[in-house]
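Laboratory data are not the source of any read-out in this text; all were calculated from the coordinates shown. Just so you know, these numbers come straight off a predicted model, no measurement behind them. Cβ atoms come from the backbone with ideal geometry, glycine included; neighbour counts cover every protein chain shown.
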DNA sequence: TAAATTATCACGCATATAGGGGTATTACGT
DNA sequence: ACGTAATACCCCTATATGCGTGATAATTTA
């Protein structure tokens, strides 16, 4: 299924997909609302989803489609490679992310990749996604502080932390105070938020 | 640079890389310690790193190399596609992840992919990584509760949450109590931990 | 090698915030 | 009409946080 508001692009994608031996377009829509309404009829295995759409956008649409039809794989197709949008789309349930500049080959190989259980992405998206995992090697925290921050992020209390590390509760407290001071926060939850933001753990 | 303890594989990789027009092996080592010691001499642009190694393992080694030489890209090469190992390697700073079964073409195209700023991965790894972003569509929480959990994860206090949502502090508290009961936790940090684990936000 | 810094450890008191248990009203969608 | 979600309040206790003080071990730097 194709969801794309630009008629030219929509037709071009349809032609490319239908020209392949393996894939067939069941239907193409100009907005998510129509696509969602037709979901139970069309039963698409793969959806090529535009991000910018009139009405419901492609990210919200992805959520709804994944909710109604969890086994349908969704590939986002967009002009932008803005990192926030990418991550939002992935959180929403997209399994691939390619750009509109994708040519014949790239589009079809993305479909191939999906059916064989992969996750097609452009080079830049792949790097963006991988970079998102990298832990900051320039953390201001000491090893011990990082260790304690890790335990905080696991939901441990002062007492649990002190027991786990065989130190007194007061010592745990001192470490946590130092962590707060370095991260300029003043609660566990804030510390966790900052730790995730700056990839300290 | 190649770091791989099995001499046969090491030689085979060296041959493949050197056979290409674009790439040259500066050195190949059987363990991380030697590789790290030679880092400033060899100045590799790319390291092909085995995971299982005698002495320091490939993940620790990746951390050290990225720390000493941040611009060196590291591609993990392994027989296993165990999800925990993959994520640990990515956190440590790896920019690619391929399997030892990779043939001539796959190995060289991984190198190509790295130099053009991408992140080469096998299909399964790519899917694993993407799936890691997907938010659980079967959350037991209501929309409002999810919204509040989101604010908790941003480090907000009861008061801040109530102000942000234009509700009373007591209402925020009630929602949070309900969240705790549904997630079977009893603190903000634990709630955040569970939320991340079960991808509720 | 000596000096300095950093990491680790420890205690006490006052206050703020969070958590546990209960109860209740209103609004909305099926 | 009913269940669920969202709103709100009360009382009490537990935990965490802020601020101060100080000491020893380990590591780095001069």
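Across the identical copies, the 7 Å label point of residue A:169, projected outward along Cα→Cβ, sits 2.5 nm from its counterparts, in ascending order. Take the Cα of residue B:7, go 7 Å toward its beta carbon, and the backbone nitrogen atoms of segment B:28-53 under 14 Å from that spot belong to B:29-31. Between this copy and the others, label points of residue B:33 are 6.8 nm apart in ascending order, each placed 7 angstrom from Cα in the Cβ direction.
Shape class of segment A:99-201 from the Cα gyration tensor (axes a ≥ b ≥ c, square roots of the eigenvalues): prolate, since a/c reaches 1.5 or more and a/b is larger than b/c. Based on Cα contacts under 8 Å between residues 6+ apart, chain B shows a relative contact order of 13 percent. Distances between copies of residue A:112, taken at a point 7 Å out from Cα along the Cα→Cβ vector and listed shortest first: 1.3 nm. Averaging Cα coordinates gives a centre for segment B:111-150 and one for segment A:122-200; these two points are 22 Å apart.
Contact order for segment B:143-197, expressed relative to its length and based on alpha carbon pairs under 8 Å spaced 6+ residues apart, stands at 35 percent. The mean count of C-beta atoms from other chains within 10 Å of the C-beta of residues in A:113-126, rounded to a whole number, is 5.
Taking a ≥ b ≥ c as the square roots of the eigenvalues of the Cα gyration tensor, segment A:42-175 is classed as prolate, since a/c reaches at least 1.5 and a/b is larger than b/c.
A Förster radius of 35 Å combined with the Cβ-Cβ distance from residue B:123 to residue A:21 puts the calculated FRET efficiency at roughly 0.95. Rounded to the nearest 500, the 222 nm mean residue ellipticity of chain A from helices alone is -16000 deg cm²/dmol, with -39,500 (n - 2.57) taken per DSSP H run of at least 4 residues. Which of rounded, prolate, oblate describes the protein assembly as shown, given a ≥ b ≥ c as roots of the alpha-carbon gyration tensor eigenvalues and a/c under 1.5 marking rounded, otherwise prolate only if a/b is larger than b/c? The shape class here is oblate.
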